Amino acid sequence: MLLAIDTSTGTSVAVVDRAGTRAERTSADTRGHAELIGGFISEVLAEAGVAPDGLEGVAVGMGPGPFTGLRVGIAAARAFALGIGRPVLPVVSHDAVAYGRSEAVLVVTDARRRELAWSRYAAPGADGLPVRLEGPSLVPVADLDVVTSVAGYVRVDAATIDAGLLGLLALARLDAGAQPGPSEPVYLRAPDVTLSTPKKVTP
């Protein structure tokens with residue numbers, strides 16, 4: 001059983017086991033991650049009837065996503081996992097959208113600033129795991145036609161990432177012995193806020 005967290009778009013938190021999603025909370029608000037995530041974690045654990053030490057680990061979406069929102073979920077997942085002595089299971093957020101689909105897909109999410117994040121997937125193999133061929137990458141909204149012009153892919157626009165699917169994918173990857181997901185967030189863009197260069201003071 002896993003706690004699953006994703007804040008790459010909105011905020012989604014779930015408790016999953018190998019039978020499916022036991023509890024989930026999702027908000028499409030792209031700015032309220034810090035305010036929502038603590039309450040969502042408490043609610044899904046209570047609804048699923050599981051104590052924190054009953055979890056195998058914490059799955060977390062590593063993006064693509066904007067810097068500020070994405071780091072809230074990753075920090076929460078790492079802190080929670082550290083507190084219960086369980087591992088963090090990183091997952092590329094777009095992979096969760098492709099998981100469970102039988103056809104080749106193009107996953108698209110809003111990266112803001114008039115840009116979209118996209119990843120391209122082949123049909124899954126025998127193990128059912130997503131097969132990412134390209135991405136995650138950024139493209140201006142006006143240039144999306146260049147990405148979608150490749151034939152043979154079903155476009156899937158995801159307003160939020162389903163933490164239930166993300167957690168189920170993490171369990172499937174764990175059971176299949178797949179390599180861990182990325183250890184670092186997939187930001188695709190530098191943070192909005194940068195440190196200013198100190199002014200030189202002349203004596």
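Scan region 48-70 and give yes if some residue there is touching a residue at least 60 places away in the same chain (Cβ under 8 Å), under 12 Å from SER8 (Cα atoms), in a loop (DSSP other than H, G, I, E, B) and of a type in the set (Val, Ile, Thr), otherwise no.
For region 48-70, residues touching a residue at least 60 places away in the same chain (Cβ under 8 Å), under 12 Å from SER8 (Cα atoms), in a loop (DSSP other than H, G, I, E, B) and of a type in the set (Val, Ile, Thr): absent.
A quick yes/no check of all residues on (1) surrounded by 16 or more Cβ atoms within 10 Å (Cβ to Cβ); (2) more than 21 Å from the chain's Cα centre (by Cα); (3) under 30 Å from ARG25 (Cβ atoms):
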{"residue": "PRO136", "(1), (2), (3)": "yes, no, yes"}
{"residue": "ALA151", "(1), (2), (3)": "no, yes, no"}
{"residue": "ALA176", "(1), (2), (3)": "no, no, yes"}
{"residue": "SER183", "(1), (2), (3)": "no, no, yes"}
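Is there any pair with a first residue in region 17-31 that is among the acidic types (Asp, Glu) and a second that is surrounded by fewer than 18 Cβ atoms within 10 Å (Cβ to Cβ) and assigned to a loop (DSSP other than H, G, I, E, B) whose Cβ atoms are under 7 Å apart and which are 6 or more apart or on different chains, and what are they?
ASP17/MET1
Looking at (1) of a type outside the set (S, T, N, Q); (2) surrounded by fewer than 18 Cβ atoms within 10 Å (Cβ to Cβ); (3) modelled with pLDDT of 95 or more, which is the one condition that is false for LEU106?
(2)
So ARG86 passes all but one of these: (1) within 21 Å of ARG173 (Cβ to Cβ); (2) under 18 Å from the mean Cα position of the chain (by Cα); (3) in a loop (DSSP other than H, G, I, E, B). Which condition number does it fail?
That leaves (2) as the condition not met.
Across region 11-28, what is the total count of residues that are under 15 Å from the mean Cα position of the chain (by Cα) and not in a strand (DSSP E or B)?
Here the count works out to 1.
Can you give me the number of residues within region 150-189 that are in a loop (DSSP other than H, G, I, E, B), within 14 Å of GLY100 (Cα to Cα) and of a type outside the set (D, E, K, R)?
1
Restricting attention to region 124-147, which residues are in contact (Cβ under 8 Å) with a residue 40 or more places away in the chain and over 18 Å from GLN179 (Cα atoms)? Give the derivation first.
Filtering region 124-147 for residues in contact (Cβ under 8 Å) with a residue 40 or more places away in the chain gives 127-129, 132, 135-138, 147.
If the condition is that a residue be in contact (Cβ under 8 Å) with a residue 40 or more places away in the chain and over 18 Å from GLN179 (Cα atoms), then SER137, LEU138, VAL147 are the ones that fit.
Please determine, by comparing only the residues of region 1-42 that are crowded, with 20+ Cβ neighbours inside 10 Å and among the acidic types (Asp, Glu), which one is farthest from THR68 (Cα to Cα).
GLU24
Restricting attention to region 80-103, which residues are touching an Asp or Glu at 6+ places or on another chain (Cβ under 7 Å) and buried (at least 20 other Cβ atoms within 10 Å of the Cβ)? Before the answer, list the steps.
Restricting attention to region 80-103, the residues satisfying the condition of being touching an Asp or Glu at 6+ places or on another chain (Cβ under 7 Å) are 84, 86, 93, 96.
The answer is SER93, ALA96.
State yes or no: is SER8 in contact (Cβ under 8 Å) with a residue 60 or more places away in the chain, part of a strand (DSSP E or B) and either touching a helix residue (DSSP H, G or I) at 6+ places or on another chain (Cβ under 6 Å) or not hydrophobic (A, V, I, L, M, F, W, C) (or both)?
Against the criterion (in contact (Cβ under 8 Å) with a residue 60 or more places away in the chain, part of a strand (DSSP E or B) and either touching a helix residue (DSSP H, G or I) at 6+ places or on another chain (Cβ under 6 Å) or not hydrophobic (A, V, I, L, M, F, W, C) (or both)), SER8 does not qualify.
Among the numbered conditions (1) within 16 Å of ALA159 (Cα to Cα); (2) modelled with pLDDT of 95 or more; (3) under 13 Å from the mean Cα position of the chain (by Cα), tell me where PRO66 comes up short.
(2)
Only one of ALA77, ALA117 is crowded, with 23+ Cβ neighbours inside 10 Å, among the small types (Gly, Ala, Ser), in contact (Cβ under 8 Å) with a residue 40 or more places away in the chain and not in a strand (DSSP E or B). Can you tell me which?
ALA77
The values are calculated or read from the model by the stated rules, or taken from the named source; none is laboratory data. No experiment lies behind these values; they were computed from the predicted model shown. Cβ atoms come from the backbone with ideal geometry, glycine included; neighbour counts cover every protein chain shown.
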